[in-house]
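Asker: Questions regarding the structure given below will be posed in turn.
The values are calculated or read from the model by the stated rules, or taken from the named source; none is laboratory data. Computed from a prediction, not measured in an experiment: that's the story for all the values here. Cβ sites come from the backbone with ideal geometry, for glycine too, and all protein chains shown count toward neighbours.
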Amino acid sequence: MEETDPTCKLQIPRLIFHGMCCLALLCSHNVQHYCAHQMATTDSEPFLVPGLPDQIEITRTQLPGTFVSSPDLDDFHDKVREAEVMAYGVVVNSFKELELGYFEEYERAIQKKVWCIGPLSLCNKDNLDKFERGNKGPIDKNQCLSWLDSMKQNSVIYACLGSQCHLVPSQLIELGLGLEASGWPFIWVIKTEDRFSELEKWFLEEGYEERIKGRGLLIKGWAPQVLILSHPAIRGFLTHCGWNSALEGVCAGVPMITWPL
């Protein structure tokens, strides 16, 4: 790679950017470096991640996709690892105070300089920036803000389980019933892929949207999450614990109900 990389030829320092936290990066590095996942006899058997400030166990099924061999991706993963080895340092979407011990240990493990420049979501200052962050959604800014403005301060539950949510319809139905039974106003963000048609059918048959009218707001697709979380009406955040969502919840100072998926 050195022969074809112009940064090497011109002796330009190259940095790697990771959108994940130092904890996740350190876990992946140490599992791979010490081959810890090979100590487990089955995919569901927990094994200890070595070299961490705390004792953390995971299973092979919880490892990221880079640990799974795939003919279509193996070459790409090899190039990524090679680029990381050759890089001068690493830039991470995190901040040291959130990851005390793990930031220092990650820097020590990879033997490179690490810069924490997060949370990147704080770059979006005004409401328009917050709304336009990410993909285009099914709801416009004024509609979203108008609904939130109509609610009492510190009263709305925001439920969003991420764009990679793979809960089955029966689980999502129970979540919807739970939000309805809570008695609190809520915003529920629902992914419209996979088996969404089954959930939509239930909405129609049960008259769910009519039942929650005025108290619940359904957003089917992408939601302006930073805009929503920063609104004073939000009381709590049900999250799948994706790193961006976790950081956005921390920045907003909103209590989080965590459901790692």
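Asker: Go through the residues of the stretch 159-172 one by one and say whether even a single one is modelled with pLDDT of 95 or more and under 12 Å from I219 (Cα atoms).
Answerer: Yes, the conditions are met somewhere in the stretch 159-172.
Asker: From the residues in the stretch 207-251 that are within 30 Å of L63 (Cβ to Cβ) and small (G, A, S), which one is surrounded by the fewest Cβ atoms within 10 Å (Cβ to Cβ)?
Answerer: G221
Asker: Also, I was wondering about something else. Residue by residue through the stretch 208-244, note down the ones that are closer than 21 Å to E198 by Cα and touching a Lys or Arg at 6+ places or on another chain (Cβ under 9 Å).
Answerer: Correct list: K220, G221, W222.
Asker: A further question follows. Do you know which of the residues in the stretch 21-47 that are part of a loop (DSSP other than H, G, I, E, B) and in contact with a strand residue (DSSP E or B) (Cβ under 9 Å, 6 or more places away or on another chain) is surrounded by the fewest Cβ atoms within 10 Å (Cβ to Cβ)?
Answerer: Applying the filter and picking the extreme gives P46.
Asker: Still on this structure, please answer the following. Go through the stretch 212-227 and count every residue that is touching a residue at least 60 places away in the same chain (Cβ under 8 Å) and touching a strand residue (DSSP E or B) at 6+ places or on another chain (Cβ under 6 Å).
Answerer: Of the residues in the stretch 212-227, 4 are touching a residue at least 60 places away in the same chain (Cβ under 8 Å) and touching a strand residue (DSSP E or B) at 6+ places or on another chain (Cβ under 6 Å).
Asker: Also: From (1) in contact with a helix residue (DSSP H, G or I) (Cβ under 7 Å, 6 or more places away or on another chain); (2) among the acidic types (D, E); (3) surrounded by fewer than 13 Cβ atoms within 10 Å (Cβ to Cβ), pick out the condition that doesn't hold for E180.
Answerer: Of the numbered conditions (1) in contact with a helix residue (DSSP H, G or I) (Cβ under 7 Å, 6 or more places away or on another chain); (2) among the acidic types (D, E); (3) surrounded by fewer than 13 Cβ atoms within 10 Å (Cβ to Cβ), the odd one out for E180 is (3).
Asker: Of all residues being in contact with a helix residue (DSSP H, G or I) (Cβ under 7 Å, 6 or more places away or on another chain) and of a type in the set (D, E) in the stretch 185-213, which is nearest to D149 (Cα to Cα)? Just the residue, please.
Answerer: E209
Asker: For the stretch 76-93, state whether one or more residues are at pLDDT 80 or above, within 23 Å of S245 (Cβ to Cβ) and not hydrophobic (A, V, I, L, M, F, W, C).
Answerer: yes
Asker: Could you tell me which of the residues C251, C241, C165 is in contact with a Ser or Thr (Cβ under 8 Å, 6 or more places away or on another chain), assigned to a loop (DSSP other than H, G, I, E, B) and of a type outside the set (F, W, Y)?
Answerer: Every option except C241 fails the conditions.
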